[in-house]
Amino acid sequence: MVFGGNKTHRGRGPFGGNVIGIGAHLMQGGFPQISEVEAYWTALKGSRQVPERLEIDPRGIEGALSHAFLVERIAPGIARLRLAGSHLNDLMGMDVRGMPLSALIAPQNRGRFADYLEQVFSAPARLIMDLSAERALGKPKCQARLIILPLTDRDNRITQALGCLCTQGCIGRAPRRFVMAAQNLHPLSGAVPLPRATPNQIYSMAEPPQPFDQPDQRHPNRTARHPYLRLVQPEG
C-alpha cells in the first residue's frame, strides 16, 4: 500500500483486509488523521451502506494508527474499546483497552454522548464531534475532533465501529476528558432522528485500568515506538 499517490486503488492485504491508496489531496485540513480514516472507510465500503470489520487492514490507515481505534457495542449507547492507538493512551495516562469510549468524555456529557453513539449503530450514521478538554492545573487548552464510522460484524450486524480522535494543543496532565462542543450526525440511509434528551449518565469502566507502559509522546527525548493497535480478546 503506497500513500501519497494521486489515484485510489485497491488490493488485498496479507491479513485478508482491503488496502486502499488515498490521494495526498485528502490529507489536507486541521485534522489529517481524521481525513485519512474517513477516506479509507468511504473507499472500503464502495456502494455498500457499511463495510465489514474483517475488511479493515491497519496498513490502510498507516498515517493515523496512533489516533485510530475500534470499538464494539456492548449495550445501548455503550461501546468498548477493543483496539486503540497510543494517542488515546497518552490522553488517559493508561492503557485504554477494555474501557468504554465514554471514558474520554466528561461525566456531565456522557448521557448525550451515549445517545449520539447509539445512532451510529442503530441508524446507522457517521458521527463527527468537535470536543474541548476540561481545563485545570496542569491541563491547558486542548481541542479535539472525533469521528466514529459503523462496521458490520461476522453476522452482518452493525455492532462495530472504526474511529479516530485527534487533538490540537498540549496534552498536559492526564487523564484528559472532553466536553462536547459541536456534533454532526450524518445518516447513511434515510432520516436519522435527533437523539432524545436524557438525564446525564455516568457509565462505569468495563474493565479496570491497566498501567500505562508506553512511551510518553509529550517527552520527545524518550525512545519512540511505532504507533500500535492491539486486540482485546473477548471475555469468556
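Hey, any hits in the stretch 30-47 for a residue that's in contact (Cβ under 8 Å) with a residue 24 or more places away in the chain, more than 15 Å from LEU162 (Cα to Cα) and surrounded by 23 or more Cβ atoms within 10 Å (Cβ to Cβ)?
Looking through the stretch 30-47, at least one residue is in contact (Cβ under 8 Å) with a residue 24 or more places away in the chain, more than 15 Å from LEU162 (Cα to Cα) and surrounded by 23 or more Cβ atoms within 10 Å (Cβ to Cβ).
All but one of (1) touching a helix residue (DSSP H, G or I) at 6+ places or on another chain (Cβ under 6 Å); (2) surrounded by 23 or more Cβ atoms within 10 Å (Cβ to Cβ); (3) of a type outside the set (A, V, I, L, M) hold for PRO76; state the number of the condition that does not hold.
Unmet for PRO76, out of (1) touching a helix residue (DSSP H, G or I) at 6+ places or on another chain (Cβ under 6 Å); (2) surrounded by 23 or more Cβ atoms within 10 Å (Cβ to Cβ); (3) of a type outside the set (A, V, I, L, M): (2).
Within the stretch 117-139, is there a residue that is modelled with pLDDT of 95 or more, touching an Asp or Glu at 6+ places or on another chain (Cβ under 6 Å) and within 24 Å of TRP41 (Cβ to Cβ)?
Checked the stretch 117-139: no residue is modelled with pLDDT of 95 or more, touching an Asp or Glu at 6+ places or on another chain (Cβ under 6 Å) and within 24 Å of TRP41 (Cβ to Cβ).
For the stretch 62-70, indicate whether the set of residues that are surrounded by fewer than 19 Cβ atoms within 10 Å (Cβ to Cβ) and charged (D, E, K, R) is non-empty.
Looking for residues that are surrounded by fewer than 19 Cβ atoms within 10 Å (Cβ to Cβ) and charged (D, E, K, R), one finds at least one in the stretch 62-70, hence yes.
The values are calculated or read from the model by the stated rules, or taken from the named source; none is laboratory data. Keep in mind that what you see is a predicted model, and the values were worked out from it rather than measured. Glycine gets a Cβ as well: all are built from the backbone with ideal geometry, and neighbour counts include every protein chain shown.
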